[in-house]
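The values are calculated or read from the model by the stated rules, or taken from the named source; none is laboratory data. What you are looking at is a predicted structure, and each value in this text was computed from that prediction instead of being measured. So basically every Cβ, Gly included, is an ideal-geometry build from the backbone, and we count neighbours across all protein chains shown. Accessible surface is based on the protein model in full, side chains and every heavy atom, while ligands, DNA and RNA are left aside. Shrake-Rupley method; radii C 1.70, N 1.55, O 1.52, S 1.80 Å.
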Amino acid sequence: MFTKTKDIDRAFRHIRAFSIVIIISSAFVAATAIYLGLSAASDSRQKIYILASGKVLEAYASERKDNISVEAKDHVATFHRLFFTLAPDDKVITANISKALYLADATAKKQYEDLRESGFFTGVISGNVSQDIQIDSIHIELGAHPYFFQCKAVQRIVRPTSVVSRSLVTEGYLRSVSRSDNNPHGFLIERWQTTENKDIQIQSR
């Protein structure tokens, strides 16, 4: 009788131990499944699908700090291309300058107004002059906010009788602002000034 009792007790302990192992294993599997599910959901939220030219392209979202240097340089480059790309067409000039002024503060607007009052844009239109810009380098100092930048570029001014290349160096500061359709990078150029703008080559046409 005692032997049967011991067998029953031993069997009960085995069953209890087995049940505990099953419960712990099930809890581990459930926790792992939940973790993997949350990770997959988080990864999926980092993916953005863009439709371009009938093709679906996959992009990835990331923290701003991961791309701040790239975004800052592109902001500076975009501003300079818009501000310094001119054509003998008042609508083109106005459209480009209007877009550029969303990316900078009153210092850029003042330079535009000074050029307009001096008759510079009238001369571009009446003289059939076109101008574009090639960015050579953009240096950003990310050690302190607002971020100091220096942009080095070459202006190419095409006149009916000549093509003039001019070195252009500007500098200023980048302040973080809210992103918008007119300012997708979320930066504003402040204290912008031209430190060099001189002829480096003149070619006859």
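Conditions tested, residue by residue: (1) modelled with pLDDT of 90 or more; (2) loosely packed, with under 12 Cβ neighbours inside 10 Å; (3) among the hydrophobic types (A, V, I, L, M, F, W, C).
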| position | (1), (2), (3) |
| --- | --- |
| Y49 | no, yes, no |
| V70 | yes, yes, yes |
| D90 | yes, no, no |
| L101 | yes, no, yes |
| A104 | yes, no, yes |
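Tally time: how many residues in the stretch 170-205 are within 19 Å of I68 (Cβ to Cβ), assigned to a strand (DSSP E or B) and among the β-branched types (V, I, T)?
So the answer is 1.
Got a number for residues in the stretch 111-124 being under 18 Å from S162 (Cα atoms) and more than 33 Å from the chain's Cα centre (by Cα)?
The total comes to 1.
Return the total of residues in the stretch 20-46 being open to solvent by less than 80 Å² (accessible area, probe 1.4 Å) and modelled with pLDDT under 80.
7
Considering each residue of the stretch 103-160, count those that are outside any strand (DSSP E or B) and in contact with a Pro (Cβ under 9 Å, 6 or more places away or on another chain), and give that number.
Result for the stretch 103-160: 6.
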